[in-house]
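Worksheet for the structure shown next.
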Amino acid sequence: MSLEIGTDMNALQATNEFLRLYWAPLLCGVAVVAILPLIAGYIVLVERKIMADMQARLGPMRVGPHGLLQPIADAVKLLIKEDIIPDNADKLVFWLAPVLSVGAALLSLAGLAIGPAFQIAQDINIGILFVVGISAMGIFGIVLGGWASNSHYSLMGALRSSAQLVSYETAAGMALVSALLLTGTLNVKSIVEAQNKEGIWFVLLAPVAFFTYLVASIAETNRAPFDLPEAESELVAGYMTEFSGFRWSLYFLAEYTNMIVVASVATTLFLGGWLRPFARVPWLSFLDFAPPVLIMAIAAYCVLRVPKQPTRVQQLFMLAVAGLCFVTALVLAVPVVLPIIKPSVREAVAPFYAGIHGGFWFIFKVSVYIYLFMWLRFTLPRYRFDQLMRLGWHFLIPLSIINVLLVGVALIVGAYFHLQGWGLLLVTTPAAILALVAAFFILAVEKGHDARPDQTATSDFYVG
Amino acid sequence: MLDKILFYFFAGVAVGSAVLMVTRRNVVHSAILLITALLATAGIFLQLRAEFLFIVQIILYVGGIMVLFIFVIMLVNLDVALQQIQFARQKWVALLVALALAGQVGLMFWSSRKMPGQGLPVLTAAAAEHLPANSEEVAKSLFGSYLLPFEIASVLLLVAMIGAVVMAKKRT
């Protein structure tokens, strides 16, 4: 009898193990895939609002108060649009390409850790390489889609896109290497833990690598000022010219997901992942109260704006948004306020605090990075293709390679003098300055070469 | 059980797409099928718990080399390539080579069967938690036991790279 119970228990444990190993990640994955289009839609809305703000206009205002429901209207419009496949297109590849793009982008999200507890593919050894490698596969969607459309504009866009990706991936990879030198691990969680241990974010220890990654990631996600593959003034819409309706929206989703992915990689490697700013400085621990206070302030602002809304529906909507912010602020406030009221529960709420606040800081940093993307987009004019190539090959790649060498040397010197944390700045800052000087020197030499009269501009036909 | 299912799935996909790749007339379709075959091989690596090989296969072959392949294919005029008669005269040579390869593999299996205990090395499956960290182990063997071959390969690649640059420079 007891033996039977024992086997039952074993079976139960095995089932639990099975559920934990396979079903929990699967459910998380489904949730991410379901929510992400909504998030991407709202990033688009935020982008339009920021653009409007920078250009001194209002932006979308019609659907919902301040255009808050615009993404949903856009989604419905895209879903019911006519789906056109050109007659001479390669039907199979035309069908496959957007799916490839969006599939790669969504799959790479699985390796990211949003807070110490939230990660779909738990603790994979190759961590950051998985994210980078899988998201780089999205390029096939763009290239094949451009080819399958059987249109010159699309093909040009595809060619530009692949040339651009091949050029900038080297620089991005080298930037990752110099950050990984500081941690000695590829595991996403261990990278953040290492930054916690050192007490300093790697953006300060490897500023050149961060800069290189920032530029290369803009180029890899095909965003302005490097959006040559879809340059509307030259190529209609580049590789997306022949796509409409749902397929087009898949490309859009892939682009915005890729933005989230590169922002998350940068956050994990350089900006301390889910760590609070200055997580190891005791007298700054009042920053724990920043998230709930910030969101409470947003709620209060929404309530203040209620009387200014023109119609009753919009007033109610504004109140609903305020309520949502209020609830979020409460959830964020619970783990920091409870230990003050009742010190005995400090241990019990610690994982709860790490999870919720970790998630907040991670999303906050990702948002800041994406805001930087938008800011650059609305500030800088588009590069010409040869300028883009020159920036990549003559400046960024030498800079990133020199930086890897110098960061390595700096770390050895630092280890020799037993430097740690902020002390490492003593050796990494000269290394960064030296790398920049060397890269500018190489650039100047290259410019001298290019200025020779017999070397006219190369006639690559994809320059357009 | 799950391992076996995964292995046969990836192996089947790899072989199937490899066969289709050779038989397609359209070069871009062939390239897509080659990507599928490479991805399926990466899947087999992953099923064997060789995570690092899995991602290196994807980053290098799929993300790097195949992008260049497709880039070059798109520069070629496909309509002309389609009309040309391709690989017609190599049928018998190919058959011969394939038969020789099959014979070799068969011989190896047959001879190993006759040597009890010394045949093909069969490792018992280890629990995933007990395996050493994958990328670290690869690094240790690359920069430890196999440092000289690794350096020779690096120098060889460097020479090839410089050679390519020199040849490209000459034309302008």
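The values are calculated or read from the model by the stated rules, or taken from the named source; none is laboratory data. What you see is a predicted model, and the numbers here were worked out from it, not measured in a lab. Cβ: placed from backbone, ideal geometry, glycine included. Neighbour counts: every protein chain shown.
The range B:1-71 holds helices (runs of 4 or more DSSP H) entirely within its bounds, and those carrying 2 or more residues that are more than 10 Å from chain A (Cβ to nearest Cβ) map to B:2-23, B:27-47. In the range A:76-97, of all residues being in a helix (DSSP H, G or I) and buried (at least 17 other Cβ atoms within 10 Å of the Cβ), the one that is farthest from the other protein chains (Cβ to nearest Cβ) corresponds to A:LEU78.
Of the residues examined, A:LEU180 is not one that is surrounded by fewer than 24 Cβ atoms within 10 Å (Cβ to Cβ), under 19 Å from B:HIS29 (Cβ atoms), among the aliphatic types (A, V, I, L, M) and in the same structural domain as A:VAL132 (by TED's automatic domain parsing). Considering only the range A:128-178, state which residues are assigned to a helix (DSSP H, G or I), under 28 Å from A:THR241 (Cβ atoms), at the interface with chain B (Cβ under 10 Å from one of its Cβ atoms) and under 18 Å from the mean Cα position of the chain (by Cα). A:ILE134, A:SER135, A:ALA136, A:ILE139, A:LEU165, A:GLU169, listed by residue number. Go through A:GLU198, A:GLU193 for me and flag whichever is touching a helix residue (DSSP H, G or I) at 6+ places or on another chain (Cβ under 6 Å), surrounded by fewer than 23 Cβ atoms within 10 Å (Cβ to Cβ) and modelled with pLDDT under 85. The match here is A:GLU198.
Checked across the range A:195-207, the condition of being assigned to a helix (DSSP H, G or I), more than 13 Å from chain B (Cβ to nearest Cβ) and more than 28 Å from A:ALA113 (Cα to Cα) holds for no residue. Residues that are within 12 Å of chain B (Cβ to nearest Cβ) and surrounded by 24 or more Cβ atoms within 10 Å (Cβ to Cβ) within the range A:105-123 comprise A:SER108, A:GLY111, listed in sequence order. Could you go through the range A:98-105 and let me know if any residue there is of a type outside the set (S, T, N, Q), under 30 Å from A:GLU193 (Cβ atoms) and not in a loop (DSSP other than H, G, I, E, B). Yes, the range A:98-105 contains a residue that is of a type outside the set (S, T, N, Q), under 30 Å from A:GLU193 (Cβ atoms) and not in a loop (DSSP other than H, G, I, E, B).
Residue-wise test of (1) closer than 30 Å to A:VAL192 by Cα; (2) in contact with a helix residue (DSSP H, G or I) (Cβ under 9 Å, 6 or more places away or on another chain).
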residue	(1), (2)
A:ALA279	yes, yes
A:PRO282	yes, no
A:PHE286	yes, no
A:PRO291	yes, yes
A:ILE295	yes, yes
A:CYS302	no, yes
A:ARG305	no, yes
A:MET318	no, yes
A:LEU332	yes, yes
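In this entry, A:ILE401 passes the filter for residues that are among the hydrophobic types (A, V, I, L, M, F, W, C), surrounded by 12 or more Cβ atoms within 10 Å (Cβ to Cβ), outside the structural domain of A:THR257 (by TED's automatic domain parsing) and modelled with pLDDT of 85 or more. If you go through the range A:49-68 and keep only what is without any contact (Cβ under 8 Å) to a residue 24 or more places away in the chain, surrounded by fewer than 17 Cβ atoms within 10 Å (Cβ to Cβ), of a type outside the set (Gly, Ala, Ser) and out of contact with any helix residue (DSSP H, G or I) (no Cβ under 7 Å at 6 or more places or on another chain), you end up with A:ASP53, A:ARG57, A:ARG62.
Would you check which residues across the range A:18-32 are farther than 22 Å from B:MET1 by Cβ and either surrounded by fewer than 12 Cβ atoms within 10 Å (Cβ to Cβ) or in contact with a Ser or Thr (Cβ under 9 Å, 6 or more places away or on another chain) (or both) and list them?
Residues satisfying the conditions are A:VAL30, A:ALA31.
Per-residue answers, yes or no, for (1) at pLDDT below 80; (2) touching a strand residue (DSSP E or B) at 6+ places or on another chain (Cβ under 9 Å); (3) among the hydrophobic types (A, V, I, L, M, F, W, C); (4) assigned to a loop (DSSP other than H, G, I, E, B):
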site: A:TYR239; (1), (2), (3), (4): yes, no, no, no
site: A:VAL265; (1), (2), (3), (4): no, no, yes, no
site: A:THR268; (1), (2), (3), (4): no, yes, no, no
site: A:PHE278; (1), (2), (3), (4): yes, no, yes, yes
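To keep it simple, each residue is scored yes or no on (1) under 30 Å from A:LEU319 (Cβ atoms); (2) at pLDDT 85 or above; (3) among the hydrophobic types (A, V, I, L, M, F, W, C).
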site	(1), (2), (3)
A:MET1	no, no, yes
A:ARG20	no, no, no
A:ALA34	yes, yes, yes
A:VAL46	yes, yes, yes
A:GLU82	no, no, no
A:LEU100	no, yes, yes
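Of the residues making up the range A:224-237, those that are surrounded by 22 or more Cβ atoms within 10 Å (Cβ to Cβ) and assigned to a helix (DSSP H, G or I) are A:LEU228, A:PRO229, A:GLU230, A:LEU235. The sole residue among A:GLY115, A:GLY127 that is in contact with a strand residue (DSSP E or B) (Cβ under 9 Å, 6 or more places away or on another chain) and either within 30 Å of A:MET318 (Cα to Cα) or of a type in the set (Gly, Ala, Ser) (or both) is A:GLY127. Condition check for A:ALA31 on (1) within 26 Å of A:PHE373 (Cα to Cα); (2) out of contact with any Lys or Arg (no Cβ under 7 Å at 6 or more places or on another chain); (3) among the small types (Gly, Ala, Ser): one failure, at (1).
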